[in-house]
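Please read the structure below before turning to the comments.
The values are calculated or read from the model by the stated rules, or taken from the named source; none is laboratory data. Owing to the predicted nature of the structure, the values given are computational and were not obtained by experimental measurement. Please note: Cβ atoms are built from the backbone with ideal geometry, for glycine as well, and neighbour counts cover all protein chains shown.
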Amino acid sequence: MNFDFSEEQNLLREQARRFLAENAEGKARGIIEGDALFDRDLWRGMADLGWMGTVIPEEYGGIGLSHEDLCVIAEEIGRSIAPTPFSSSVYLATEALLLAASDEQKEDFLPRIASGDTIGCFAHNEGTRKPEPGSIATIYTDGKLTGEKKPVADGDVADFAVVLAKTPDGEPVLTLALLDNVASETLETIDPSRSHARLRFDGTPAALIGNIGNGWTLSERLLDRAAILFAFEQLGGAHRCLDMAVDYAKERYAFGRPIGSFQAIKHKLADVFIATELARSHAYYGAWTLTTDAPDLPVAAAAARVAASRAYYLAASENIQTHGGMGFTWELDCHLYYRRAKLLNLALGGERRWKHKLVSRLENRNVAA
Amino acid sequence: MDFEDTPEEVEFRAEVRDFLDANAERKAPGASFAIPYGGDGLVTAAKEWQAKKAAAGFSGITQPKEYGGRGGTVIEQVIYNQEESDYVTPIGIYEIGLGMCIPTMLAYATEEQKQRFAPPAFRGEEIWCQLFSEPQAGSDLANLRLRSERDGDDWILNGQKIWTSGAHFSDFGVIVTRSDPEQAKHKGLTYFFIDMKSPGIECRRIHQISGTSNFNEVFFTDVRVPDSQRLGAVGDGWRVSLTTLMNERLAIGERPPPGYEEAMALAKQIELENGPAIEDGGVRDKIADWYVNARGVTLARYRSMTALSRGQDPGPENSIGKALTGKMRQDIAAFGMDLMDQSGVISDPELATMRGMFQDALLAGPGGRIAGGSDEILRNIIAERVLGLPPDIRVDKGIPFNELAKKERG
């Protein structure tokens, strides 16, 4: 057993951290306060480092590294709350193509994704609906999509979307549609540094990914794989919040002593540390199941997702609390992380939903064992 | 990363399984050893089991061969623990001795003493206990008062220890004492190992909430200990104690039930207003949390093991398991009983659901949050040693111990 990243991966982490410290600092705030939907300079820089093609095989223009390497990058991106469509294009659209696309589709899209020239997203939500195939309302027929998807992370910046739909007979399908002529509307959300949109498909040409009927299964597999990558982003963000809170607790004085010397603060931050360590351990195990496609992946993914969601929300909210009144100001970055924490908790479905999946999978595992 | 066994590890695991299949019973879901911790006959059963383990080469797996260990790797210890946890075996007798006392002996005793004491301990023939806490020294261990005074080649010990697990059936013990009360509290401590059969030692068992008595008060009246049994320098007892405590988190074995598996098993057999409890959202929410905690602690431990196997210090990060699981077991017990409604009050194993496991855990549970570092102390350790937060203001700092003691007496 070897339960840690390799020396090379740690070097990759250092490189990523340095790049993001120099290039992503303050960028999320810039997006929230400005008009752009994401930071194109940062995106270009990430592309120059080859990050979008991390797991894309070399034959499709990527650099053909492992998912563990991508996890390392994801953690650093999470730490820096980089305002880019990386998660949509890489953890979701790319994974969908790698999972089920035809060779032609891969040849068409993967090189462009790897270079950062094309951005993909995953359109699966249709508002608040029962999470089951029967509730999909978007219809795919005769190579065309009709229906409305919302919220779609990066739907307003992406060039194409992987769309969950169903045939008129009710068979779930995963499809791929170019968004050039699709009406998109940017939605007001809790965290504008990660843009979300409403997409209206109105007879939009689309191609199948995978087969008719397996769309829901594919979508669930895709969400599981992405859950592990998202868990690393969440972990990075949670750890950053803990660092911010610890730094502040050492500097801020009250009653003649640093507030970090009070047990009320110590125990709170120890609990945050415990939550991040649990999240880290689950995320690492998830990374291994993802890289090796281990049979335990669905359980590991759900557990990593729950642990990371818990940790980030706890860390972000207690970071504000530790900062006191200053933490509640627009000026400090605490709220940027608080927004991102909740946004990422809800991406791919909320914590409750993942807990439900986790217990179902544990039940099945016990039956199978 | 790699969770697959290496070819050597595959072989080792098979060897462990063969041994366990031949000598122990595979665990049915929710089962534990027939004799509970503190129950009669557990020591005899544990001695038999330990002897078998040692004969097969599975005692002291990471300890050197020349002292009766296996000379194996940390990963082999993990593999052994994983496999043994699937079988019903007696637990709770050797963890402290082999996990904390013997490693301290191996770090500080003379070559001759190591040869004499380590092998019989690994074979289970001699049981060790750890005499640290006192009535005035629990979380604040350095506040201990048990006096040691030099007398020729010997030391004379007088005072009282408390919460000593297994003192009444132990052959030897490690003890930290106050040798110089004129020094500040962390100084002036001296560490020994002692024969528990020495004249002047009296053990009185403590009757606990759970009805069992595995802790003791241990009284020392003019107990004579040869200076050759001192571990570390005179006045250096605090540092030696830290060696013992460093080993503590790694020594803690499998978590006692009920855990999330038992909570799931219970939820499947209980019917609520809208169907089986396992389908209830509130129940699923808790089971998911407990799974994430329990599995997360196991995985965090694997990370520590990886660090250890590379010769790195796993550090106080290890405290997270202990900081979580005591409270969790108590919560699972209370919640399980709640699912049983008023019938949850029944603890008679013949009548109670799942043989009274949840009721037992409710009563034994509070101990898990106190023993071996309370939940609060563990959080202080994490905050100060891992996060680097400033220490609390210490009103006892630098003050000679005898003056402090006077103040506390009022």
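Mind checking which residues of segment B:87-113 are surrounded by fewer than 17 Cβ atoms within 10 Å (Cβ to Cβ), outside any helix (DSSP H, G or I) and not assigned by TED's automatic domain parsing to the domain that holds B:ALA46?
B:THR110
Would you mind telling me which numbered condition in (1) of a type in the set (Asp, Glu); (2) within 30 Å of A:ASP247 (Cα to Cα); (3) modelled with pLDDT under 95 B:GLU403 fails?
(2)
Taking the condition of being among the small types (Gly, Ala, Ser), closer than 17 Å to A:SER89 by Cβ and either assigned to a strand (DSSP E or B) or outside the structural domain of A:LEU145 (by TED's automatic domain parsing) (or both), how many residues in segment A:178-218 meet it?
Residues of segment A:178-218 that are among the small types (Gly, Ala, Ser), as a first pass: A:183-184, A:193, A:195, A:197, A:203, A:206-207, A:210, A:213, A:215.
Filter once more, keeping what is closer than 17 Å to A:SER89 by Cβ: A:184, A:193, A:195, A:197.
Restricting the remaining residues to those that are either assigned to a strand (DSSP E or B) or outside the structural domain of A:LEU145 (by TED's automatic domain parsing) (or both) gives A:184, A:197.
Number of matching residues: 2.
Which one of these is in a loop (DSSP other than H, G, I, E, B) and of a type in the set (A, V, I, L, M, F, W, C): A:VAL163, A:VAL157? Before you say what the answer is, go through the steps one by one.
Numbers: A:VAL163 fails: in a loop (DSSP other than H, G, I, E, B).
Matching residue, one of A:VAL163, A:VAL157: A:VAL157.
If I filter segment B:149-158 for residues that are modelled with pLDDT of 95 or more and surrounded by 22 or more Cβ atoms within 10 Å (Cβ to Cβ), do I get at least one hit?
So the first thing to find is which residues in segment B:149-158 are modelled with pLDDT of 95 or more, and the list is B:149-158.
Going one step further and asking which of them are surrounded by 22 or more Cβ atoms within 10 Å (Cβ to Cβ), we end up with B:155, B:157.
Yes, segment B:149-158 has at least one match.
Name every residue in segment A:83-106 that is among the hydrophobic types (A, V, I, L, M, F, W, C), more than 11 Å from the chain's Cα centre (by Cα) and either part of a helix (DSSP H, G or I) or surrounded by fewer than 20 Cβ atoms within 10 Å (Cβ to Cβ) (or both), in order of residue number.
Of segment A:83-106, the ones among the hydrophobic types (A, V, I, L, M, F, W, C) are A:86, A:90, A:92-93, A:96-101.
Checking the rest, the ones that are also more than 11 Å from the chain's Cα centre (by Cα) come to A:93, A:96-101.
Hits for segment A:83-106 are A:ALA93, A:ALA96, A:LEU97, A:LEU98, A:LEU99, A:ALA100.
Have a look at A:ILE63, A:ILE77 and point out the one that is assigned to a loop (DSSP other than H, G, I, E, B) and among the aliphatic types (A, V, I, L, M).
On the way: A:ILE77 fails: assigned to a loop (DSSP other than H, G, I, E, B).
That would be A:ILE63, the only listed residue that is assigned to a loop (DSSP other than H, G, I, E, B) and among the aliphatic types (A, V, I, L, M).
Determine whether segment A:212-219 contains at least one residue that is closer than 20 Å to A:ALA101 by Cα and under 16 Å from the mean Cα position of the chain (by Cα). Walk me through how you get there before you give the answer.
Within segment A:212-219, the subset closer than 20 Å to A:ALA101 by Cα is A:212-219.
Adding the requirement that they be under 16 Å from the mean Cα position of the chain (by Cα) leaves A:219.
Taking every residue of segment A:212-219 in turn, at least one turns out to be closer than 20 Å to A:ALA101 by Cα and under 16 Å from the mean Cα position of the chain (by Cα).
Restricting segment B:362-385 to residues that are in contact with an Asp or Glu (Cβ under 9 Å, 6 or more places away or on another chain) and crowded, with 19+ Cβ neighbours inside 10 Å, which is farthest from B:THR164 (Cα to Cα)?
Checking each candidate, the answer is B:ILE382.
For segment B:114-137, which positions are under 30 Å from B:ASN402 (Cα atoms) and buried (at least 17 other Cβ atoms within 10 Å of the Cβ)?
To start, the set of residues in segment B:114-137 that are under 30 Å from B:ASN402 (Cα atoms) comprises B:129-137.
Residues satisfying the conditions are B:CYS129, B:GLN130, B:LEU131, B:PHE132, B:SER133, B:GLU134, B:ALA137.
Could you grab the pairs with beta carbons closer than 8 Å, sequence gap of 6+ or different chains, first residue in segment B:359-384 and in contact (Cβ under 8 Å) with a residue 12 or more places away in the chain and within 12 Å of chain A (Cβ to nearest Cβ), second one crowded, with 18+ Cβ neighbours inside 10 Å and of a type in the set (Phe, Trp, Tyr)?
Close Cβ pairs (under 8 Å, with a partner that is crowded, with 18+ Cβ neighbours inside 10 Å and of a type in the set (Phe, Trp, Tyr)) amount to B:ILE382/A:PHE273.
Does A:ALA245 count as within 12 Å of another protein chain (Cβ to nearest Cβ), among the hydrophobic types (A, V, I, L, M, F, W, C) and touching a Gly at 6+ places or on another chain (Cβ under 7 Å)?
Spelling it out, it is not the case that A:ALA245 is within 12 Å of another protein chain (Cβ to nearest Cβ), among the hydrophobic types (A, V, I, L, M, F, W, C) and touching a Gly at 6+ places or on another chain (Cβ under 7 Å).
Going by what's in this entry, would A:LEU314 be described as at positive phi, buried (at least 18 other Cβ atoms within 10 Å of the Cβ) and not small (Gly, Ala, Ser)?
It is false that A:LEU314 is at positive phi, buried (at least 18 other Cβ atoms within 10 Å of the Cβ) and not small (Gly, Ala, Ser).
Pairs please, first residue from segment A:64-75 and in the same structural domain as A:TRP43 (by TED's automatic domain parsing) and free of Cβ contacts under 8 Å to residues at least 40 places away in the same chain, second anywhere and of a type outside the set (Phe, Trp, Tyr) and crowded, with 23+ Cβ neighbours inside 10 Å, Cβ atoms under 6 Å, 6+ apart in sequence or on different chains.
Matching pairs, first to second residue: A:LEU65/A:THR54.
In this structure, is A:HIS239 within 26 Å of A:MET1 (Cβ to Cβ) and either assigned by TED's automatic domain parsing to the domain that holds A:SER360 or in a helix (DSSP H, G or I) (or both)? Lay out the reasoning, then the answer.
Details: within 26 Å of A:MET1 (Cβ to Cβ): yes; either assigned by TED's automatic domain parsing to the domain that holds A:SER360 or in a helix (DSSP H, G or I) (or both): yes.
Spelling it out, A:HIS239 is indeed within 26 Å of A:MET1 (Cβ to Cβ) and either assigned by TED's automatic domain parsing to the domain that holds A:SER360 or in a helix (DSSP H, G or I) (or both).
Out of all the residues in segment A:169-187, is one or more touching a His at 6+ places or on another chain (Cβ under 6 Å), modelled with pLDDT of 95 or more and away from chain B (no Cβ under 14 Å)?
Yes, some residue in segment A:169-187 is touching a His at 6+ places or on another chain (Cβ under 6 Å), modelled with pLDDT of 95 or more and away from chain B (no Cβ under 14 Å).
Can you name every residue in segment A:1-24 that is within 19 Å of the chain's Cα centre (by Cα) and not in a helix (DSSP H, G or I)?
So the first thing to find is which residues in segment A:1-24 are within 19 Å of the chain's Cα centre (by Cα), and the list is A:13, A:16-17, A:20, A:24.
If the condition is that a residue be within 19 Å of the chain's Cα centre (by Cα) and not in a helix (DSSP H, G or I), then A:ALA24 is the only one that fits.
Select from segment B:308-352 the residues that are of a type in the set (Val, Ile, Thr) and buried (at least 19 other Cβ atoms within 10 Å of the Cβ) and write down the one among them that is farthest from the other protein chains (Cβ to nearest Cβ).
The extreme case among them is B:ILE332.
Would you check if B:SER343 is in a helix (DSSP H, G or I), more than 28 Å from B:GLU134 (Cα to Cα) and among the hydroxyl-bearing types (Ser, Thr, Tyr)?
Numbers: in a helix (DSSP H, G or I): yes; more than 28 Å from B:GLU134 (Cα to Cα): yes; among the hydroxyl-bearing types (Ser, Thr, Tyr): yes.
Yes; evaluated as a whole, the condition is true for this residue.
Is at least one residue of segment B:15-29 over 30 Å from B:SER210 (Cα atoms), within 14 Å of another protein chain (Cβ to nearest Cβ) and free of Cβ contacts under 8 Å to residues at least 12 places away in the same chain?
Step one: list which residues in segment B:15-29 are over 30 Å from B:SER210 (Cα atoms), which gives B:15-23.
From what's left, within 14 Å of another protein chain (Cβ to nearest Cβ): none.
No: zero hits.
Would you confirm whether any residue within segment B:93-110 is among the small types (Gly, Ala, Ser) and under 17 Å from the mean Cα position of the chain (by Cα)? Working first, answer last.
Taking segment B:93-110 as the starting set, the residues that turn out to be among the small types (Gly, Ala, Ser) are B:97, B:99, B:107, B:109.
Subsequent filtering for residues that are under 17 Å from the mean Cα position of the chain (by Cα) retains B:97, B:99.
Yes, some residue in segment B:93-110 is among the small types (Gly, Ala, Ser) and under 17 Å from the mean Cα position of the chain (by Cα).
What residue, of B:PHE193, B:PHE219, is over 20 Å from the mean Cα position of the chain (by Cα), outside any loop (DSSP other than H, G, I, E, B) and either crowded, with 19+ Cβ neighbours inside 10 Å or modelled with pLDDT of 95 or more (or both)?
On the way: B:PHE193 fails: over 20 Å from the mean Cα position of the chain (by Cα).
Unique residue meeting the criteria: B:PHE219.
Scan segment A:268-322 for residues that are away from every other protein chain (no Cβ under 11 Å), within 21 Å of the chain's Cα centre (by Cα) and in a helix (DSSP H, G or I) and jot them down.
Those that are away from every other protein chain (no Cβ under 11 Å), within 21 Å of the chain's Cα centre (by Cα) and in a helix (DSSP H, G or I): A:LEU297, A:PRO298, A:ALA301, A:TYR312, A:TYR313, A:LEU314, A:ALA315, A:ALA316, A:SER317.
Any residue in segment A:236-251 that is closer than 19 Å to A:GLU95 by Cα and either of a type outside the set (A, V, I, L, M) or in contact (Cβ under 8 Å) with a residue 24 or more places away in the chain (or both)? Before you say what the answer is, go through the steps one by one.
To start, the set of residues in segment A:236-251 that are closer than 19 Å to A:GLU95 by Cα comprises none.
Looking through segment A:236-251, none of the residues is closer than 19 Å to A:GLU95 by Cα and either of a type outside the set (A, V, I, L, M) or in contact (Cβ under 8 Å) with a residue 24 or more places away in the chain (or both).
Rundown of residues vs (1) under 16 Å from B:GLN136 (Cα atoms); (2) part of a loop (DSSP other than H, G, I, E, B), yes/no style:
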position	(1), (2)
B:GLY367	no, no
B:GLY373	yes, yes
B:ILE381	no, no
B:ARG385	no, no
B:LYS397	no, yes
B:ASN402	yes, no
B:ALA405	yes, no
B:GLU408	yes, no
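Can you say whether A:LEU348 is outside any helix (DSSP H, G or I), away from chain B (no Cβ under 11 Å) and surrounded by 15 or more Cβ atoms within 10 Å (Cβ to Cβ), as far as the supplied structure shows? Show your work before the answer.
Working: outside any helix (DSSP H, G or I): yes; away from chain B (no Cβ under 11 Å): yes; surrounded by 15 or more Cβ atoms within 10 Å (Cβ to Cβ): yes.
Yes, satisfied.
It is to be established whether one or more residues within segment A:208-223 are without any contact (Cβ under 8 Å) to a residue 60 or more places away in the chain, of a type outside the set (Phe, Trp, Tyr) and under 23 Å from A:LEU343 (Cα atoms).
yes
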